[in-house]
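The values are calculated or read from the model by the stated rules, or taken from the named source; none is laboratory data. Here the structure is a predicted model, which means the values were calculated and not measured. No Cβ is skipped: glycine too gets one built from the backbone with ideal geometry, and neighbour counts run over all protein chains shown. Only protein heavy atoms, including side chains, enter the accessible area calculation; ligands, DNA and RNA are left aside. Shrake-Rupley method; radii C 1.70, N 1.55, O 1.52, S 1.80 Å.
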Amino acid sequence: MLTIRPSTDTSTRRDRLSRLIAPDGERLHDPDLDPWVADVFEEQLLALYEDMVVSRRIDTEATALQRQGQLVLWPPLIGQEAAQVGSARALRKDDFVFSSYRENAVAYVRGVSMTDMIRVWRGSQFSGWNPYDVGMATPTVIIGAQTLHAVGYAMGITRDGDDAAAVAYFGDGATSEGDTNEAMVFAAAYDAPVVFFCQNNQYAISEPVGLQAQRPIADRSPGFGIPSLRVDGNDVLAVLAATRMALDHARTGDGPMFIEAVTYRMGPHTTSDDPTRYRDKAEEQRWRELDPLERTRRLLMAEGALTDERQASVSARADAVAKELRDGCLALRPHEPLSIFDEVYADTPPSLRRERDEYAAYLASFDDADGANREAAR
Amino acid sequence: MTELTLAKAITTGLADALEADDRVVLLGEDIGKLGGVFRVTDGLQERFGIDRVVDTPLAEAGIIGTAVGLAYRGFRPVCELQFDGFVFPGFDQVVTQVAKMRYRTQGAVKMPITIRVPFGGGIGSVEHHSESPEAYFAHTPGLRVVACSSPQDAYSMIRQAVESDDPVVFFEPKRRYWSKGEVVTDVSAVPSLDRARVVVPGTDVTLVTYGPLVQTAVDAALAAEDDGVSIEVIDLRSLAPLDEDAIVDSVQKTGRIVIAHEAARFGGIGAEIAAMVTERCFDRLTAPPLRVTGHDIPYPPSELEDHYLPDLDRMLDGVDRVMGVRV
């Protein structure tokens, strides 16, 4: 089970997935995964559920803000809440995340504030937060580039003699990039304490996963000497267990591990995308029945843990976070124009200072009477 | 003071950098037991161990990308890319990650990465082993792009590059690896990494170059002296950012400038300098800025490389033309 078995299927067949919660909410058992969530009882599961509800609420609010012209873009994560929350909740504070741009639920779990989360998407800054404050690098837009950063960071952990781990989050599309494959070569060569966490959400913008991989993605890493797990990415408990197992593997000196979390991007690639052009309603409906929030809710209901009061408090928490997001977003003010020249270098070189001064003088020419007159004369 | 080859000066600089700061880590192909294909890291793995002088898999993006992660963790990686023509698989990581990380993170994440690249022709080698890709890097804000030309600068500049909190692409003139010179290891008195240097003072023509052609330019200045022409040779050292004032000061004195490099002419460092000098010294120029460069062709097969590489005669021809001797 731990090491992927040879497989002949070319689709992502769900019956091969490791799973602890069935889509109908039934608690399943898996002898390999169960020990890693032996400490997860009703209260812990409720907390995971709340994280997922909040994440979806963040997503809905941000999408609305984009539609209202307040954000330049938003990459929805709807459908991937279990994959992101389950994995991020397995991490320790001293672990370090290197992610793509869609891991906003991971960022939320890592403690990124709502205002910081939205800066990038408002076009305000390229990095919403200081990576060292939350143990999560600035998300990477170049597909797969961050996988190498995670491996390098993990090589640093080894050299420092720590037992932390680095985690690389990436999608199915990134598995075609050279960087991701090189990352696995390097990680295996040095037994780097890194977890490769691939969210196979079935699509790289419009391209189905079958174009990136002719076999299940989890089949790939064993060829690099990296054991892999293939879990139901819509099962928060299974994802938590798998990530804990992989992290333990990395921490105890056994090197890298690869997780394919099979999930579905229920929304568009970004707010600029139009999925109706490349996938049909029936497919979306099939996956809607596998919704990660719904199955967790069913399990909690069956166990009698999700009372009306608790559901109300979860909703209230989600609304409060959404309000933080909206208020934080609307309170952001543009930076001063000349700040675009800052932090290109540790010390601004004289040639760049000259360029900045020239531009400052140009801007200032509009401020005084002479400048205004010159403009009027044109 | 010791006499060292340029290659050994870099070796000594790397050894001293490894000794001075235990966060310095070397990454590259064949840099361990072999000591690198040019032996620049000779003996370093034996002395500092396999965790600090790291033989990597054959993947340039992997070398640069893992260096980014190490830098994130507070290390100072020094990457060796084996040849000028082999930099391109790592180019994406350099341009999209290394160069922009400080800017992207508003200064929170430093990238004190040195990327060493043996560059230039004249060694009679095969394709992809004689190129001058510096302009690609110089066009990328956030990088410091430098080229050393003498054993002393090789030592000083590699120390300064490793200590820099900015990423530095460090071009090494491979056909000068075996040139010898006196080296002092006290770098407190040497010019900073971003400054050009007047190698030969002169009054009639400013001849700007860098890397392997600095020696050629010095030879040209000596030869021109016989004809009564006084050439001021400037070694750029830093290609980006450019030490504009050093060039402008010289041209204010001479009124003429020739820029020489092995790289192709179009969009090269020479074009940038010619434009900058025209903008800043237009009234003082007595001749148009002139470039003596490689042709706008792929680097040719080695038996014809002498027809590509600017040599002493082509430099003097350029000097003659700005002097109005030839039209």
Checklist entry - Which of the residues that make up the stretch B:96-116 are facing chain A (nearest Cβ under 7 Å), touching a helix residue (DSSP H, G or I) at 6+ places or on another chain (Cβ under 8 Å) and either open to solvent by 10 Å² or more (accessible area, probe 1.4 Å) or of a type in the set (A, V, I, L, M, F, W, C) (or both)? => result B:Thr96, B:Ala108, B:Val109
Checklist entry - Any residue at all in the stretch A:258-279 that is modelled with pLDDT of 95 or more, farther than 25 Å from A:Trp74 by Cα and crowded, with 18+ Cβ neighbours inside 10 Å? => result yes
Item to check | In the stretch B:286-322, the residues that are in a loop (DSSP other than H, G, I, E, B) and out of contact with any strand residue (DSSP E or B) (no Cβ under 8 Å at 6 or more places or on another chain) | outcome: B:Thr286, B:Ala287, B:Pro288, B:Pro298, B:Tyr299, B:Pro300, B:Pro301, B:Asp311
Checklist entry - Identify, please: which residue in the stretch A:115-153 is at the interface with another protein chain (Cβ under 7 Å from one of its Cβ atoms), touching a residue at least 40 places away in the same chain (Cβ under 8 Å) and surrounded by 24 or more Cβ atoms within 10 Å (Cβ to Cβ) and is, among those, nearest to A:Asp254 (Cα to Cα)? => result A:Val151
Next on the checklist: Tell me yes or no: at least one residue of the stretch B:140-147 is among the basic types (Lys, Arg) and crowded, with 22+ Cβ neighbours inside 10 Å.
Outcome noted: yes
Checklist entry - Taking interchain pairs and intrachain pairs at least six residues apart, which have beta carbon atoms under 8 angstrom, with the first residue in the stretch B:19-38 and more than 14 Å from every other protein chain (Cβ to nearest Cβ) and on the phi > 0 side of the Ramachandran plot and the second open to solvent by less than 60 Å² (accessible area, probe 1.4 Å) and part of a strand (DSSP E or B)? => result B:Gly36/B:Gly28; B:Gly36/B:Glu80
Checklist entry - Taking A:Gly210, is it on the phi > 0 side of the Ramachandran plot and open to solvent by 10 Å² or more (accessible area, probe 1.4 Å)? => result no
Checklist entry - Does B:Gly49 count as crowded, with 21+ Cβ neighbours inside 10 Å, free of Cβ contacts under 8 Å to residues at least 12 places away in the same chain and either in the same structural domain as B:Ile10 (by TED's automatic domain parsing) or touching a Ser or Thr at 6+ places or on another chain (Cβ under 7 Å) (or both)? => result no
Checklist entry - Looking at A:Gly161, A:Gly233, A:Gly223, which one is free of Cβ contacts under 8 Å to residues at least 24 places away in the same chain and more than 11 Å from every other protein chain (Cβ to nearest Cβ)? => result A:Gly223
Checklist entry - Which one is nearest to A:Leu71 (Cα to Cα) among residues in the stretch A:85-102 that are away from chain B (no Cβ under 14 Å) and open to solvent by 10 Å² or more (accessible area, probe 1.4 Å)? => result A:Arg102
Item to check | The lone exception for A:Phe196 - which of (1) over 23 Å from B:Val53 (Cα atoms); (2) assigned to a loop (DSSP other than H, G, I, E, B) it fails | outcome: (2)
Checklist outcome for this item: Residue hits (the stretch A:165-183; at the interface with chain B (Cβ under 10 Å from one of its Cβ atoms), of a type in the set (Gly, Ala, Ser) and over 18 Å from B:Glu29 (Cβ atoms)) are A:Ala166, A:Ala168
Checklist entry - What do you reckon, is A:Gly223 open to solvent by 10 Å² or more (accessible area, probe 1.4 Å) and in a loop (DSSP other than H, G, I, E, B)? => result no
Checklist entry - Exactly one of (1) closer than 27 Å to B:Tyr308 by Cβ; (2) in contact (Cβ under 8 Å) with a residue 60 or more places away in the chain; (3) surrounded by fewer than 22 Cβ atoms within 10 Å (Cβ to Cβ); (4) not charged (D, E, K, R) is unmet by B:Ala287. Its number? => result (2)
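Let's see how each residue does on (1) modelled with pLDDT under 95; (2) under 23 Å from the mean Cα position of the chain (by Cα); (3) crowded, with 17+ Cβ neighbours inside 10 Å:
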| position | (1), (2), (3) |
| --- | --- |
| A:Pro292 | no, yes, yes |
| A:Arg298 | no, no, yes |
| A:Pro337 | no, no, no |
| A:Ala361 | no, no, no |
Checklist entry - Looking at A:Val54, A:Val106, A:Val112, A:Val97, which one is more than 14 Å from the chain's Cα centre (by Cα) and either among the β-branched types (Val, Ile, Thr) or in a helix (DSSP H, G or I) (or both)? => result A:Val54
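Matching residues to (1) outside any helix (DSSP H, G or I); (2) over 21 Å from the mean Cα position of the chain (by Cα):
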residue: B:Leu207; (1), (2): yes, no
residue: B:Gly211; (1), (2): yes, no
residue: B:Ala217; (1), (2): no, no
residue: B:Glu225; (1), (2): no, yes
Item to check | Selected residue [more than 7 Å from chain A (Cβ to nearest Cβ), under 19 Å from B:Asp166 (Cα atoms) and among the hydrophobic types (A, V, I, L, M, F, W, C)] from B:Phe91, B:Phe83 | outcome: B:Phe91
Item to check | Every pair of residues 6+ apart whose Cβ atoms lie under 6 Å, when the first sits in the stretch B:240-253 and is open to solvent by less than 10 Å² (accessible area, probe 1.4 Å) while the second is among the β-branched types (Val, Ile, Thr) and assigned to a helix (DSSP H, G or I) | outcome: B:Val251/B:Val277
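Tell me the residue from A:Phe186, A:Phe197 that is closer than 21 Å to A:Asp254 by Cβ and within 11 Å of chain B (Cβ to nearest Cβ), please.
It is A:Phe186.
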Next on the checklist: So B:Ala196 passes all but one of these: (1) away from chain A (no Cβ under 14 Å); (2) surrounded by fewer than 23 Cβ atoms within 10 Å (Cβ to Cβ). Which condition number does it fail?
Outcome noted: (1)
Item to check | Inter-residue pairs, beta-carbon under 6 Å, first over 13 Å from A:Asp248 (Cα atoms) and modelled with pLDDT of 95 or more and in the stretch A:26-38, second open to solvent by less than 80 Å² (accessible area, probe 1.4 Å) and of a type in the set (Lys, Arg), 6+ apart | outcome: A:Leu28/A:Arg19
Checklist entry - Taking the stated definitions as given, is B:Ala274 at pLDDT 95 or above, crowded, with 18+ Cβ neighbours inside 10 Å and closer than 17 Å to B:Val251 by Cα? => result yes
